[in-house]
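Notes for the one structure printed next.
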């Protein structure tokens, strides 16, 4: 089976004065269709850089990135934009909904830019809203919805493009813990229905909701495996970080952060 996402020895190097900073330092990984993977790490770990490269928002300094078998690592901006619109659905922390457009119009907006006909835009938007349980709210404005509902609209917007990958960047960051759990449950449901989900987060209690965790630290992968393995969240050289204290219990107890 062809890998959906494949990093081969990816480096992303920034020049900071006379110093070279390796945001990604020789990262190799693969993600297959139908997986639910969390890429997790603290600030400065390289996870945001990895997300930008996966999302065709940036290119590596060296190494290759294949998306759906296509080498996108050396593409020009307009080529990357085309691949991005065709293969990727984005879910952001801040929803990024247009206040003056109703729910259905927000979901249809990327399809409008992609040149999809009005009839097909309508059908896809309604179908996507049905999947997230908000078809009855399609004429509402974003301001008339709760935070969790607005995030579900952004999930519907991502789904409307029939993406190969749903890329979720800290999707619960602006939500309270209960609403955040609901959004994660939706992502798990979409994955169970066959969607490939890549979740970017700094929060171990969020990451363990995926089936697989790829943990980054200082631009390198230090764990890649089952999210239910205790090693997925407890790293010996992170013991001083209070943010990681007690996370081994999260797996057994299902506590949310």
Subset of segment 1-21 (residues that are surrounded by fewer than 17 Cβ atoms within 10 Å (Cβ to Cβ) and either touching a residue at least 60 places away in the same chain (Cβ under 8 Å) or part of a loop (DSSP other than H, G, I, E, B) (or both)): 1, 2, 3, 17, 18
Meets criteria (within 23 Å of residue 188 (Cα to Cα), touching a residue at least 12 places away in the same chain (Cβ under 8 Å) and under 24 Å from the mean Cα position of the chain (by Cα)) for residue 134: yes
Unmet criterion (only one of (1) in contact with a strand residue (DSSP E or B) (Cβ under 8 Å, 6 or more places away or on another chain); (2) modelled with pLDDT of 85 or more; (3) surrounded by fewer than 18 Cβ atoms within 10 Å (Cβ to Cβ); (4) farther than 29 Å from residue 83 by Cα) for residue 231: (2)
Unique residue being modelled with pLDDT of 90 or more and either in contact with a helix residue (DSSP H, G or I) (Cβ under 8 Å, 6 or more places away or on another chain) or within 27 Å of residue 88 (Cα to Cα) (or both) when the list is 181, 157: 157
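Among the residues of segment 210-222, which ones are surrounded by 22 or more Cβ atoms within 10 Å (Cβ to Cβ) and either without any contact (Cβ under 8 Å) to a residue 12 or more places away in the chain or assigned to a loop (DSSP other than H, G, I, E, B) (or both)? Steps first, please.
Narrowing segment 210-222 to residues surrounded by 22 or more Cβ atoms within 10 Å (Cβ to Cβ): 210, 213-216, 219.
Of everything in segment 210-222, those that are surrounded by 22 or more Cβ atoms within 10 Å (Cβ to Cβ) and either without any contact (Cβ under 8 Å) to a residue 12 or more places away in the chain or assigned to a loop (DSSP other than H, G, I, E, B) (or both) turn out to be 210, 219.
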Strands (runs of 3 or more DSSP E) lying entirely in segment 33-127 (those with 2 or more residues that are in contact (Cβ under 8 Å) with a residue 12 or more places away in the chain and surrounded by fewer than 17 Cβ atoms within 10 Å (Cβ to Cβ)): 62-67
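Only one of 199, 216 is over 23 Å from residue 175 (Cβ atoms) and at pLDDT 60 or above. Can you tell me which? Let's see the steps before the verdict.
Details: 199 fails: over 23 Å from residue 175 (Cβ atoms).
On inspection, the qualifying residue turns out to be 216.
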Answer residue from segment 128-137, given it is part of a helix (DSSP H, G or I) and in contact with a helix residue (DSSP H, G or I) (Cβ under 8 Å, 6 or more places away or on another chain) and is farthest from residue 102 (Cα to Cα) among those: 131
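The values are calculated or read from the model by the stated rules, or taken from the named source; none is laboratory data. It should be emphasised that the depicted structure is a prediction, and the values quoted were computed from it without experimental measurement. Quick reminder, even Gly has a Cβ in these numbers, built from the backbone with ideal geometry, and neighbours come from all protein chains shown.
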